[in-house]
Amino acid sequence: MRTTSDRYTLPAIALHWLLALALIGTFCLGLYAHELQFSMTKLKLMNWHKWAGITILFLSVLRLVWRVTHRPPADVPMPAWQAKVAHLLHWLMYGLFFAIPLSGWAMTSAKGYPVVLFGVLPLPDWVPKDKALGHQLEELHEMLAWLLVALVVAHVAAALKHHFIDKDGLLDRMRPGR
C-alpha cells in the first residue's frame with residue numbers, strides 16, 4: 001500500500017527515530033563498556049548493551065514489516081544514480097539492523113555468556129560454545145557496527161545536502177511534526 005502523502009506515515013517516522021536513538025545509544029554504550037576493565041559495572045553495562053541489541057532486533061522486525069506493507073512516498077526529484085545509491089544505502093542499513101544484533105547474540109553464545117533479556121527472559125544460545133568462534137564473531141560484530149556508523153554518516157550527510165543545498169523537502173518527509 002503506497003502512502004498518498006509526500007510524508008512517511010507516523011509509525012514509519014516513529015520507528016525511524018526510535019531506532020536512530022537506540023542505535024546511537026547502543027553503539028556508544030558498547031564502545032564505552034568494551035574498553036572497561038572486567039568489573040561488575042562492565043557486566044551490567046554489557047547486559048544493557050545486549051538488551052538494547054535485542055530490542056533493536058525486535059524494532060527492526062517491526063520496521064521491516066511496516067516498510068514492506070506500507071510503501072514510502074515517491075522519491076523527490078534527483079538524478080537516477082542518487083536514487084539508486086539512496087535505495088542501496090537504505091537496504092544495506094536494514095541488513096545491518098539485523099546482522100549486528102544477531103552477530104552480537106551469536107558472539108555472546110559462543111563465548112558462553114547467557115543473554116537474559118531484561119534480567120528475566122533467558123534467550124537460547126544459537127551457536128555452540130567456542131571461544132575462538134566467539135572472538136571471530138566479536139571482530140565481525142565490531143566491523144559491522146563501524147560499517148553502520150559509516151552508512152549512517154552518509155545517510156545524514158545526504159539528508160542534510162537535500163535539505164540545505166537542494167531544498168527539495170526530503171528531510172521534511174521524515175521529520176516529526178511539520
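The values are calculated or read from the model by the stated rules, or taken from the named source; none is laboratory data. None of the values given here were measured: they were computed from a predicted structure. Cβ atoms come from the backbone with ideal geometry, glycine included; neighbour counts cover every protein chain shown. Accessible surface is based on the protein model in full, side chains and every heavy atom, while ligands, DNA and RNA are left aside. Shrake-Rupley method; radii C 1.70, N 1.55, O 1.52, S 1.80 Å.
Out of the residues in region 41-60 that are touching a residue at least 12 places away in the same chain (Cβ under 8 Å) and over 20 Å from E138 (Cβ atoms), which is most open to solvent (accessible area, probe 1.4 Å)? Looking at the filtered set, the residue picked out is T55.
Does R63 meet the test of being of a type in the set (K, R) and surrounded by fewer than 17 Cβ atoms within 10 Å (Cβ to Cβ)? Spelling it out, it is not the case that R63 is of a type in the set (K, R) and surrounded by fewer than 17 Cβ atoms within 10 Å (Cβ to Cβ). Restricting region 100-148 to residues that are surrounded by fewer than 14 Cβ atoms within 10 Å (Cβ to Cβ) and within 20 Å of the chain's Cα centre (by Cα) leaves a set whose member that is farthest from G30 (Cα to Cα) is F118. Can you name every residue in region 150-176 that is open to solvent by 50 Å² or more (accessible area, probe 1.4 Å) and in a loop (DSSP other than H, G, I, E, B)? K167, R175, P176, listed by residue number. Do the conditions hold for L19, that is, is it open to solvent by 70 Å² or more (accessible area, probe 1.4 Å), over 22 Å from Y113 (Cα atoms), in contact (Cβ under 8 Å) with a residue 12 or more places away in the chain and aliphatic (A, V, I, L, M)? Against the criterion (open to solvent by 70 Å² or more (accessible area, probe 1.4 Å), over 22 Å from Y113 (Cα atoms), in contact (Cβ under 8 Å) with a residue 12 or more places away in the chain and aliphatic (A, V, I, L, M)), L19 does not qualify.
Taken as a whole, region 67-90 holds at least one residue that is open to solvent by less than 40 Å² (accessible area, probe 1.4 Å), of a type in the set (G, A, S) and more than 11 Å from the chain's Cα centre (by Cα). Only one of the numbered conditions (1) over 19 Å from L29 (Cα atoms); (2) open to solvent by less than 50 Å² (accessible area, probe 1.4 Å) is not met by F97, and that is (1). Per the listing V115, V127, V120, V156, the residue uniquely without any contact (Cβ under 8 Å) to a residue 60 or more places away in the chain and touching a Gly at 6+ places or on another chain (Cβ under 9 Å) is V127. Of all residues in region 77-92, those that are closer than 14 Å to L148 by Cα have Cβ atoms under 7 Å from Cβ atoms of residues that are assigned to a helix (DSSP H, G or I), 6 or more apart or on another chain, in L89/L151; L89/A154; L89/H155; L92/L151.
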